Structure formats: structure tokens, C-alpha cells
């Protein structure tokens, strides 16, 4: 009975989204419309999703985020453009080999964000996320990295040497939004750790693939990597913008669930291999 009720509820919700959010709007990249200040972190925001069309409400929210950051270039990649960029810039590397073998789009998007920021520098934000304040207001001109923390707690304590360096050692370091100069060691370590851990996940079936992806390429891997770098370089300059960008982060934009009409949520998958 509960199953049938849930199925009916999902169908009604899906129909409501279709009625209110269609027709979908085409999202293009946007060049900065204001000059703004000079800074070390390149003034580009990279974003990606399988398609470049979004529901009306979500599109409006993305437009507001762009309006708030007029001095930044917004560069959008759909899945084909993302694949092409990885092919053109990381071909022949182990991380690109892993990228091609991943079964889920969100895991490939994880690797893409580390690689493009390592190569080019700038900011990355998931297409469903945002921030209520300009990103440049969260760090100084001299900042070389901008990170923040999730609400979610991590129960593995960092080494004593770095416990007091991290503002929130009890939280995951989020990776749905961040900013870096090119070649930053946090990104380098994350890429190397994914390569090192590949054999642990290769061809293995996971009851909950989302959890495995969060560990392998997502915030679990990123948090581990940041901790490792800080352990080796405790004097590294880090801009830490509290939890969810000092509570100004937008974890889920209004209307963003409409994108699942075009690409089903990977969180619903069960008993799947995440990488060949």
C-alpha cells in the first residue's frame, strides 16, 4: 500500500513539474558584464550538466546567481562538451582513463571539476547550487583557494597536527562549490587519490552507488585529500568560508528538481557497478 501511494505521489509531482516548469529554457555561457577587481583566482565559474536546458524556475534562479556575480564569466559544459574538454586536455592520463570508465554522470562531473580547475583555475559550482552573496566577497584578492564545509558530519577525526587548522574538523569539506588558482595542491592530491583508489572500486557492485561515489570521487575523497595536504603543508594559506559559505550557500535552487525529467537522479540507483 505504501509503495503504491509513493508511486502515485511521484507521478503527481512529476506531472506538476511538467505543467509549471516547461517549456525548458536553453542555458548558454555568459561573459562578465562588469570588470570588478583583480585577484589571484581566475574569474571564471565552470558549471556542467548532461543537457543545457532547464525548467523555468531553475533557469530564473541560475540567472539571479549570474546577476549577483557580474564580474565573473560563467562557462557551461553539457555532457558532450565536458567529455571533449577532458579528451583534449587530459588524454593519456590515468585520471582520464578512469573518467571514461565511470558509469554515473555525477562521478564524471566530480573528476571534471578537479581537472578543469587544476588546469585553468577559477570557481566551480554545481548547476543546482548557488550563493546569496558575490563569490568574490568571500575571499581576498590574494586568496589562492576558497573552500567551505557541509552541514554533514564526518566521524573520522583529522590528525592532531591539523585539527585546529580546520575551522570545522567535524564536517565534510564541500565540493559542490569552490575556487582555486591553477595547479592548487588540494586538486592535485584529490586527482592522485582517485587514481590510487581506483582498484578498490573497479568492477565492484555497490548496494547504494551514490554512497560509493561520494567516497570515491566526491566530498569524502576531497575531504581526505585536503587533510593530507594540510598535514604536509600546515602553513598553506586557506580561505575557509564557514559552513555552506557562511550560511549564504544555496544547496538546492528552487525548481532544480525539474532537471530530473531529462536525466533521472542517480541517488535512486541500487546494486550497481560505478566504474569498470
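The values are calculated or read from the model by the stated rules, or taken from the named source; none is laboratory data. Owing to the predicted nature of the structure, the values given are computational and were not obtained by experimental measurement. Heads up, the Cβs are rebuilt from the backbone with ideal geometry, glycines too, and the neighbour counts pull from every protein chain shown.
Taking the stretch 139-171 as the range and being touching a helix residue (DSSP H, G or I) at 6+ places or on another chain (Cβ under 9 Å) and crowded, with 19+ Cβ neighbours inside 10 Å as the test, the residues that pass are 145, 146, 147, 148, 149, 150, 154, 158, 166, 171.
Here residue 38 passes the criteria (1) crowded, with 17+ Cβ neighbours inside 10 Å; (2) more than 24 Å from residue 260 (Cα to Cα) except the one numbered (1). Which residue is modelled with the highest pLDDT, if the candidates are limited to the stretch 5-40 and must be part of a helix (DSSP H, G or I) and closer than 27 Å to residue 125 by Cα? Among residues in the stretch 5-40 that are part of a helix (DSSP H, G or I) and closer than 27 Å to residue 125 by Cα, the one modelled with the highest pLDDT is 21. Within the stretch 237-260, is even one residue on the phi > 0 side of the Ramachandran plot, touching a residue at least 40 places away in the same chain (Cβ under 8 Å), more than 15 Å from the chain's Cα centre (by Cα) and in a helix (DSSP H, G or I)? For the stretch 237-260, residues on the phi > 0 side of the Ramachandran plot, touching a residue at least 40 places away in the same chain (Cβ under 8 Å), more than 15 Å from the chain's Cα centre (by Cα) and in a helix (DSSP H, G or I): present. In this structure, does residue 190 turn out to be assigned to a helix (DSSP H, G or I), within 28 Å of residue 52 (Cα to Cα) and free of Cβ contacts under 8 Å to residues at least 12 places away in the same chain? No: the conditions fail for residue 190. Of all the criteria given as (1) in contact with a helix residue (DSSP H, G or I) (Cβ under 6 Å, 6 or more places away or on another chain); (2) at pLDDT below 95, the one not satisfied by residue 2 is (1). Of all the criteria given as (1) assigned to a helix (DSSP H, G or I); (2) touching a helix residue (DSSP H, G or I) at 6+ places or on another chain (Cβ under 6 Å); (3) over 13 Å from residue 106 (Cβ atoms), the one not satisfied by residue 214 is (3).
Does residue 232 satisfy the condition of being exposed (fewer than 14 other Cβ atoms within 10 Å of the Cβ), modelled with pLDDT of 95 or more and over 15 Å from the mean Cα position of the chain (by Cα)? Judged against the criteria, residue 232 is a match. Evaluate the stretch 194-201: report whether one residue or more is more than 18 Å from the chain's Cα centre (by Cα), crowded, with 20+ Cβ neighbours inside 10 Å and not in a strand (DSSP E or B). Checked the stretch 194-201: at least one residue is more than 18 Å from the chain's Cα centre (by Cα), crowded, with 20+ Cβ neighbours inside 10 Å and not in a strand (DSSP E or B).
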